[in-house]
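The values are calculated or read from the model by the stated rules, or taken from the named source; none is laboratory data. The shown structure was predicted, so the numbers you read here are calculated from the model rather than taken from an experiment. All Cβ positions, even for glycine, are placed from backbone atoms using ideal geometry, and neighbour counts span all protein chains on display. With ligands, DNA and RNA removed, areas are computed over all heavy atoms of the protein, side chains included. Shrake-Rupley method; radii C 1.70, N 1.55, O 1.52, S 1.80 Å.
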Amino acid sequence: MSTSAAATSLPRLTGYQWFSRLPVLRHSFKAKVLVVAFLGTHVPLLAILAYFIYANSVTEAYALQVLAMALVATLAGTLVTLVALHALLRPIDLTLGMLRRFRERGQLYRPELDLRDEMGTLIQGTHRALEDLGAHLERVATRDHVTGVLNAHGLEQATDRLREAGDASAALVLVRVRNYGQLEVTLEREELEFVTRTLADRLRLVFPEPALIAVRGRGEFAVLLDDTGEADVEARSNHALSELTAALQVRGSQIGPICALGVARLQDAGTPHGLLPAAEAAVMAAEECDGSSWVLSSEAGAEQRTRMELSMELGRALERDELFPVYQGRIDTRTGQVVGVEALVRWRHPQRGTVSPGLFIPVAERTGQILAIGRQMLDRAVAQGAAWERQGQPLVVSVNVAALQIAEATLFDDVRDSLRRHGLTPGLLELEITESALLQRSDASMGLLERVRGLGVSLALDDFGTGYSSLSYLTDMPVDRVKIDRSFVARLPVERDRRILEGIVHLAAALGLAVTAEGVETGDQARILRDLGCDQWQGFLFARPVEAGELDRGPHTLPG
Ligand code: C2E
Ligand code: MG
Ligand code: MG
């Protein structure tokens, strides 16, 4: 229906607007009707009276008497009219009340009236429109707009309903796409949405209704099943795993989702609200395995439970400022002086004491909380670097950056704002990025890193040598330094590893990159690394991570 056609079929409000311009009548519809009714009855009556008196030239007393009588009669009539009009206009008050109640409290009033006139249409029409609107809002609030399945809120409501129903055979399957972080870095938004939609469709196939499917977050799905026997759960988990991990085509290339499934049955979890934590622990256990797998919550171990609990407490830890950086010295292999430090996050947990990042960073990366942690650590480290610089004892401060911080592209603004706020010379800040975070380099992430580097900040490739290590990274990455992973260093002085290391260091030198060796624990390792040409050591042999005030700047000497 076109707008002009709609406009012609609807009444125009010219006359009504004229009334609305009169100051006393502007704010009340009832006042408008009552004034019109009053004038409509009184003006003609008074005109008749005036003519009657004038035409009959009656005495003044008689005229007054007629006038008074007429006045009393019309006033009584007006009063009755007003009362009747008030009742006739009540449907409008009711409609207004319905709208207000819906807007303010989200409540829908169902009118049980049998009105056949325009007012009936108005009330019923309003009710129907509000009903439709309510259903639409409910859908928007509980559905994921990309896939059409439930969102986290919808899943919560479904779990609540389950609790009310007391269904003892229910189960929750959590699905986590393990390589989702990489997909986020590599794919455009629409492509990522396509992957998410495809996975949701595959889940629908394996778990048809009445199973409820939900998207819980980035690369994470949940399926609420209402009846499950043991064998059924096993068969369906296997089926789901093979369907979900089948390759899919994006931008002409194949993508193989790697999935971890955690299955929790109500009989194991105890209560409907215990389902989610139990399934979380099971997913974590599944993630301990290589590749794709599924685990039953009854088989998940204590460590997964701890990590799951930590993940739930992490939000509070951020609010209460329980996270703080410690600093580990990076030592110049020629002078033995600390020339830089790496900021490493720690969690001062009220019950568990100091918690190491290995336990909560992987979880935070999945939940997205790493963004807040990363921003907080960056700011704290830059502030500390600026304090050292002001004291005339500058050190290059390195900060770890997670893949998601690069994917979300807020990194540039965060770095620039922090540097400005604390007045740190950009050359005294280094960002450490792991090669797995850059595994599949997209133009956007490379561009972002170039821009960050344009600020004068340097970049280091962290944990080099782990996982997908490839020398080609060194040639086309916008980095200034390579940090050789400690697993490599730990294998020294095995001859073969020594030669590999030598190759890396020489290539780095040829590309003009500096080299830090991580995890240096023995004098032998330190000597070999120095002789190979590494310019920095980092490891427990010289310095453990400590709070800023306890830093020992050296010079450190090699034992023996
Ligand atoms: P990383 O960036 O490779 O940090 C070096 C890790 O090696 C640190 O562990 C450090 O304490 C440890 N290390 C250093 N020297 C030695 C040694 O001689 N022997 C041994 N066995 N270990 C040594 P930490 O502090 O537990 O951190 C672990 C990882 O957590 C870090 O690895 C980094 O990937 C991540 N991480 C820490 N802080 C942050 C942060 O603020 N943001 C992000 N995104 N990740 C962080
Ligand atoms: Mg690091
Ligand atoms: Mg490292």
(Q) Quick check on R265: is it in the same structural domain as P350 (by TED's automatic domain parsing), modelled with pLDDT of 80 or more and among the charged types (D, E, K, R)? (A) no
Q: Give the stretch 112-126 a look and list any residue that's part of a loop (DSSP other than H, G, I, E, B) and of a type in the set (D, E, K, R), or say none.
A: E112, D114, R116, D117
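Please enumerate the residues belonging to the stretch 481-500 that are under 17 Å from L541 (Cβ atoms) and aliphatic (A, V, I, L, M).
I484, V489, A490, L492
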(Q) Quick check on my filter: what residues within the stretch 225-249 are under 25 Å from R143 (Cβ atoms), at pLDDT 90 or above and not in a helix (DSSP H, G or I)? (A) L248
(Q) Take residues that are more than 16 Å from ligand 1 (Cβ to nearest atom) and tell me which of the helices (runs of 4 or more DSSP H) falling wholly in the stretch 348-447 contain 2 or more. (A) 370-390, 411-422
Q: Could you look through the stretch 332-347, keep only residues that are away from ligand 1 (no atom under 11 Å from the Cβ) and part of a strand (DSSP E or B), and pick out the one that is farthest from Q376 (Cα to Cα)?
A: D332
Q.
Among the residues of the stretch 407-424, are any within 14 Å of ligand 3 (Cβ to nearest atom), aromatic (F, W, Y) and touching a residue at least 24 places away in the same chain (Cβ under 8 Å)?
A. no
Q: May I ask you to verify whether A279 is part of a helix (DSSP H, G or I), modelled with pLDDT of 85 or more and either under 22 Å from the mean Cα position of the chain (by Cα) or exposed (fewer than 13 other Cβ atoms within 10 Å of the Cβ) (or both)?
A: yes
Q.
I need the full set of residues from the stretch 217-240 which are open to solvent by 70 Å² or more (accessible area, probe 1.4 Å) and of a type outside the set (D, E), in order please.
A. R218, A231, N238, H239
Q.
I'm trying to understand the selection: among the residues of the stretch 100-111, which are assigned to a helix (DSSP H, G or I), open to solvent by 80 Å² or more (accessible area, probe 1.4 Å) and closer than 16 Å to D132 by Cβ?
A. R103
Q: Out of P559, P555, report the one residue that is more than 16 Å from ligand 1 (Cβ to nearest atom), outside the structural domain of L424 (by TED's automatic domain parsing) and open to solvent by 20 Å² or more (accessible area, probe 1.4 Å).
A: P555
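Filter the stretch 415-450 down to the residues that are acidic (D, E) and either touching a Gly at 6+ places or on another chain (Cβ under 8 Å) or on the phi > 0 side of the Ramachandran plot (or both) and list them by number.
Residues of the stretch 415-450 acidic (D, E): 417, 430, 432, 435, 443, 450.
The answer is E430, E435.
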Q: List the number of the failed condition for G533; all other conditions in (1) within 16 Å of ligand 2 (Cβ to nearest atom); (2) open to solvent by less than 50 Å² (accessible area, probe 1.4 Å) hold.
A: (1)
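Residue by residue through the stretch 466-475, note down the ones that are away from ligand 1 (no atom under 11 Å from the Cβ), open to solvent by less than 60 Å² (accessible area, probe 1.4 Å) and at pLDDT 65 or above.
S472, Y473, L474
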